[in-house]
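See below for the structure under consideration.
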Amino acid sequence: TVYGGGGISPDFIVKSDKLTDFSASLLRKNVFYTYSLQYINGHGKDIQAKYGNDLRAYKKGFFISESGLKDFLDYAKTKGVTIDQKDLDKDKDYIFARLKAQIARNYWKNEGWYMVLLDADKQMVKAFTLFDKAKELVSSK
């Protein structure tokens, strides 16, 4: 029986990180999307040759390099985004994941987008660690 109107409180609360103003500016100015198109123009044949239609291989093996990040930041500057090193350091993992997902979306549509981004989702990562605990709860009844 569930009482009250407040819904069900989760057993584990994992708060999402708040994006910095820097990352918000990248999103607002559509830099991830437009840069990914440019990146694919220069590297698309290599991506296709290496991964073909294998999204799992791409997810496991493709990474934006530090020099790729520098190119991305240089591109962002041309779009009027001011680089804030402190914010960049805080959101670096998000930026790498978002770029990788944006490129994946070009080849595998939403399946590629979500498969890549879910690895960077703190709530999803935590949920995967809780399956054994859920089994314990069910078996203890």
Problem - Sparse-neighbourhood loop sites, chymotrypsin sites (Phe, Trp or Tyr not before Pro) in region 17-100 - DSSP loop, at most 12 other Cβ within 10 angstrom - result: 63
Problem - Student exercise, the chain dipole from Lys, Arg, Asp, Glu Cβ charges, in Debye to nearest 20 - result: 240 debye
Completion exercise
Here the FRET efficiency for residue 30 versus residue 92, based on Cβ atoms and R0 = 22 Å and rounded to 0.05, is 0.65
Completion exercise
Checked against the positive end of the charge dipole of region 1-136 (+1 on Cβ of Lys and Arg, -1 on Cβ of Asp and Glu, about the Cα centre), the farthest of 82, 30, 117 is 30
Fill in the blank from the handout: Once the in-chain neighbours fewer than 8 apart are removed, the lysines whose Cα is under 22 Å from residue 135 read 122, 126
Problem - Two-site label geometry, residue 9 and residue 53: point separation in nm, points 7 Å out along Cα→Cβ - result: 5.0 nm
Practice task
Would you work out the relative contact order for the chain, in percent, from Cα pairs under 8 angstrom that are 6 or more residues apart?
Solution key: 32 percent
Problem - Global form of region 16-59, assessed from the alpha-carbon gyration tensor, a/c cut-off 1.5 - result: oblate
Exercise for the section: For the chain, with all protein chains present and a 1.4 Å probe, just round the carbon and sulfur fraction of the accessible area to a whole percent. Expected result: 53 percent
Handout entry: Alpha carbon centroid spacing (whole Å) that separates region 91-141 from region 6-69
Key = 12 Å
Handout entry: Solvent-accessible heavy-atom area per residue, rounded to whole Å², over the chain at 1.4 Å
Key = 70 Å²
Exercise for the section: Rounded to the nearest 10 degrees, what's the angle between the helix 85-118 long axis and the longest principal axis of the chain, both from Cα atoms, 0 to 90? Expected result: 90 degrees
Practice task
Please say if region 83-141 is rounded, prolate or oblate, where rounded means a/c under 1.5 for a ≥ b ≥ c the square roots of the C-alpha gyration tensor eigenvalues, and otherwise the choice is prolate for a/b larger than b/c and oblate otherwise?
Solution key: oblate
Handout entry: Taking the convex hull of Cα positions in the chain, its mean projected area over all directions (nm²)
Key = 11.9 nm²
Exercise for the section: Would you list which lysines come within 22 Å of residue 79, measuring only between C-alpha atoms, while excluding same-chain residues fewer than 8 positions from it? Expected result: 29, 70, 90, 92, 100
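The values are calculated or read from the model by the stated rules, or taken from the named source; none is laboratory data. These numbers were taken from a predicted model, which means no experiment stands behind them. We place every Cβ from the backbone using ideal geometry, glycine too, and count neighbours over all the protein chains shown. All accessible areas refer to the heavy atoms of the entire protein, side chains included, with ligands and DNA or RNA removed. Shrake-Rupley method; radii C 1.70, N 1.55, O 1.52, S 1.80 Å.
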